[in-house]
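Report on the following structure.
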Amino acid sequence: MLSFHTVMLLGFTPHRTLYPTTRALQTGTLPVTEPHKLYYEVHGKAGGAPALFLHGGPGAGCAVRHAGFFDPKHYQIVLFDQRGCGRSTPTGELQDNNAAELVQDCERLREHLGFDRVARGFVNAEGLLSTAVPRIREARIPCIAVHGANDLICPPLTAYELHEAWPEMELRVVPGAGHSMYDSQLQAEVLRATDLLRTVGAVSTPGPTQSVAPSMVAP
């Protein structure tokens, strides 16, 4: 049985390459609150377990290689450019551009794509996750957080503070790894986490009576 309560300091993790990416199953734009329109892509397995990837920021965007953190034979992977980022419009717009609206945008996108639940989430922004912690804890959603011990942009202290606020979360601190999730050891550990989450909670097409499955966060 999985434990989501322990702070883990990991040793060397063997290098792993990302999963191969394929042509998008679907692309589109979703109007949200004025004046924003969100660009999104869906990759992986049609009808698979929905996995929502949230890119970092501020001002970044999604890329096809982000889908490579998920097994395309299991997951239906949703990538989207957040407000004002990437191919979402208007570019650089700051009006109503905040963490609370981003959380709502995830719900809007879920409804637009017809998912009863988003079975897995991958967050590349601990600040956003901290905003959503009360709702996540209330829903009893387990989480694995992966953080580089040598991260100078988001120091490990922020991960420990998040873990203190959310003790049920499993925190994996990777020695020698920095901020980039493409750091070889951090990348390998993120892949291990998404593989592990394949076996936990709902799969394929979760229904309204099923429990919400885990999320995963990297710096």
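Scan the range 60-108 for residues that are closer than 18 Å to T17 by Cα, over 13 Å from the mean Cα position of the chain (by Cα) and surrounded by fewer than 20 Cβ atoms within 10 Å (Cβ to Cβ) and the total you get is 6. Name the single residue, out of those in the range 12-57 being closer than 27 Å to L94 by Cα and charged (D, E, K, R), that is surrounded by the most Cβ atoms within 10 Å (Cβ to Cβ). Among them, the one singled out is E41. The set of residues in the range 109-121 being over 15 Å from the mean Cα position of the chain (by Cα), under 16 Å from G28 (Cβ atoms) and in contact (Cβ under 8 Å) with a residue 40 or more places away in the chain consists of H112, L113, F115. Quick one: in the range 143-182, which of the residues that are charged (D, E, K, R) and in contact with a strand residue (DSSP E or B) (Cβ under 6 Å, 6 or more places away or on another chain) is farthest from G56 (Cα to Cα)? Once the filter is applied, the top-ranked residue is E170.
Among the residues of the range 151-165, the ones that are acidic (D, E) and closer than 13 Å to G178 by Cβ come to 1 in all.
Give me the residue from the range 183-196 that is touching a residue at least 40 places away in the same chain (Cβ under 8 Å), touching a strand residue (DSSP E or B) at 6+ places or on another chain (Cβ under 9 Å) and farther than 21 Å from P50 by Cβ and, out of that set, surrounded by the most Cβ atoms within 10 Å (Cβ to Cβ).
The extreme case among them is L186.
The residues of the range 147-182 that are touching a residue at least 24 places away in the same chain (Cβ under 8 Å) and out of contact with any helix residue (DSSP H, G or I) (no Cβ under 9 Å at 6 or more places or on another chain), listed by number, are L152, I153, Y160, H163, P167. Each residue in the range 1-26 was checked for being out of contact with any Phe, Trp or Tyr (no Cβ under 7 Å at 6 or more places or on another chain) and either at pLDDT 95 or above or of a type in the set (V, I, T) (or both), and 10 of them qualify.
The values are calculated or read from the model by the stated rules, or taken from the named source; none is laboratory data. Because the structure is a prediction, the values reported are computed rather than measured. Cβ: placed from backbone, ideal geometry, glycine included. Neighbour counts: every protein chain shown.
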